[in-house]
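Following: one structure in structure tokens, then a few remarks.
Bear in mind these aren't lab numbers, they're just calculated from the coordinates by the rules spelled out. Since the model is a prediction, treat every value here as computed from it, not as a measurement. FYI the Cβ positions are ideal-geometry reconstructions off the backbone, even for glycines, and counts take in every protein chain you see.
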Amino acid sequence: MKIAVFVSGRGTNLNAILNSPLCKDEIEVYFVVSDKANPPAFEIAQEHGIITYSLSKKDKMNSFSFDELGKIFLDTGIELIVLAGFLKLVPESFINLFEKKIINIHPALLPKYGGKGMYGMNVHKAVFESGDKISGATVHFVNPHYDEGSIIQSEIVDISGAQNPEEVAALVLKSEHTLLPKVVSKFKNGELFNK
Ligand code: GAR
């Protein structure tokens with residue numbers, strides 16, 4: 001199954017998909033796309049010989065719009081789009097082209113701690129300051145609103161021992177790296193059909 005992975009930063013979740021035994025033989029990461037001109041995640045993509053596209057106008061040689069990417073994906077037979085630390089809102093026109101074929105990983109237990117501005121360390125700070133003893137990761141289908149699409153699977157993490165938001169982030173990230181490949185593999189096997 002050919003997939004595209006969207007990233008904004010370092011790409012550890014992209015790496016988790018590329019290295020997971022659940023995905024290795026079955027899943028081909030065909031494109032990596034970013035809203036940034038040259039994020040660290042592109043290095044991971046390039047090491048694996050994966051084509052990268054940028055949505056940023058700053059990347060003069062390699063800048064594409066969502067419309068252009070939609071056409072390329074349809075022509076290539078991309079079956080799943082994974083937002084793995086992608087921080088830009090995906091336009092409705094693009095979502096409509098790939099209904100129930102775009103998933104996102106969020107570093108908290110949705111529907112708590114989601115929505116605009118709730119990404120990366122902002123999430124972990126809010127969780128830590130709330131005094132919650134658990135957090136986790138959630139994978140959900142993408143709709144036109146931040147973090148509101150139907151939930152596919154969550155994984156709970158005990159954060160009662162965390163001393164600061166950075167420790168919460170590290171614990172949650174570890175669980176993201178197992179959860180995301182699991183959900184990608186389930187999608188491939190048609191196990192998300194009823195979601
Ligand atoms: C991950 O923790 C992901 O859940 C989060 O950004 C990080 C990206 O890390 N995404 C969001 O906050 C989206 N709302 P990575 O680039 O190392 O995979």
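What is the Cα centroid distance between segment 57-96 and segment 3-54, reported in whole angstrom? A separation of 13 Å, based on Cα centres.
Put in order of Cβ neighbour count within 10 Å, fewest first, the listed residues 154, 34, 65 become 65, 154, 34. With respect to the chain, whose longest principal axis is taken over its alpha-carbon atoms, helix 120-130 is tilted by about 20°. Label separation (residue 64 vs residue 48): 1.6 nm, computed from points 7 Å beyond Cα along the C-beta direction.
Rounded to 0.05, the FRET efficiency of the residue 26 and residue 93 pair, given R0 = 22 Å and the Cβ-Cβ distance, is 0.15. Which pairs, out of 133/174; 2/57; 101/186; 2/88; 24/182, put more than 19 Å between their alpha-carbon atoms? In this structure, 2/57; 2/88 exceed 19 Å between Cα atoms.
The ranking of 123, 157 by Cβ neighbour count inside 10 Å, starting from the fewest, reads 157, 123. To the nearest ten degrees, helix 165-188 and the longest principal axis of the Cα atoms of the chain are 50 degrees apart. Relative to the longest principal axis of the Cα atoms of the chain, helix 66-76 runs at roughly 70 degrees. Residues 54, 63, arranged from fewest to most other Cβ atoms within 10 angstrom of their Cβ, appear as 63, 54.
Farthest towards the positive end of the charge dipole of segment 17-153, among the residues 66, 81, 127, is the Cα of 127, using unit charges on the Cβ of Lys, Arg, Asp and Glu.
Taking 20 °C and 1.002 mPa s as conditions, the chain diffuses translationally at an estimated 127 µm²/s according to Stokes-Einstein applied to its Kirkwood radius (Cα pairs). If the segment from residue 129 to residue 191 were pulled out straight at 0.36 nm per residue, it would be longer than the present Cα-Cα gap by 18.7 nm. Helical content of the chain, expressed as a calculated mean residue ellipticity at 222 nm, amounts to -10500 deg cm²/dmol (DSSP H runs of 4 or more residues, -39,500 (n - 2.57) each, divided by residue number, nearest 500).
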